[in-house]
Amino acid sequence: MLDCRSVRSHGTIIHFSVRQQNMGIFSKLFGAGSGSLADVLKQDVAIIDVRSPMEYSNGHVKGSTNIPLDQLQSSLTQLPTDKTIVFCCASGARSGVATKLAASKGLQAINGGAWTNVFQHMKNS
């Protein structure tokens, strides 16, 4: 079975198709296959949205904090060390970069993918 996805990158929509059983790499990059995300969101977590302030103002997960990706490096000391950090953005690409950065500094972080994905999981739990 094929699964078609679209990703918007700098105004360009990129379409790709992959076999469903080969979603592992895309799950890590874009937050797909979020069975574990639902479990994590049931805990006390910090949700950090790494989109721009304008993007964030157009819609976001209730209770999330907006720290644009380009400001994250200088804001790492403000992030909690006692709970998991769930990063989100528009597609999961920027949150993937944020997750790797936070994890490299010893923080417990996961890529929640698109903010709408995180929002949906919060709504359903």
Using modelled backbone amide H atoms (1.01 Å from N, in-plane), which distant-in-sequence or interchain residues come within less than 5 Å of residue 84's amide H? 46
Straight-line reach from residue 62: which lysines have a Cα under 23 Å away, not including same-chain ones fewer than 8 places off? 42, 83, 123
Under the Karplus relation 6.51 cos²θ - 1.76 cosθ + 1.60, θ = phi - 60°, what is the ordered set of whole-Hz ³J(HN,Hα) values for segment 83-91, x standing for Gly and Pro? 8, 6, 9, 9, 8, 9, 7, 7, 10
Percent of Cα-Cα pairs per 10 Å bin, from 0 to the last occupied bin, for segment 28-124, please list those. 18, 57, 24, 0
Can you give me the long-range amide H partners of residue 66? Hydrogens built in the peptide plane at 1.01 Å from N, cutoff under 5 Å, separation of 5 or more residues or another chain. 49
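Could you list the trypsin sites (Lys or Arg not before Pro) in segment 55-125 that lie in coil according to DSSP, counting only those with at most 11 other Cβ atoms within 10 Å of their Cβ?
Values: sites: 62, 83, 94, 100, 105, 123; in loops: 62, 83, 105.
Hits after loop and neighbour filter: 62.
Values in this text are rule-based calculations from the coordinates and carry no lab data. None of the values given here were measured: they were computed from a predicted structure. Counting neighbours? That spans all protein chains shown, and the Cβs are built from the backbone with ideal geometry, glycine included.
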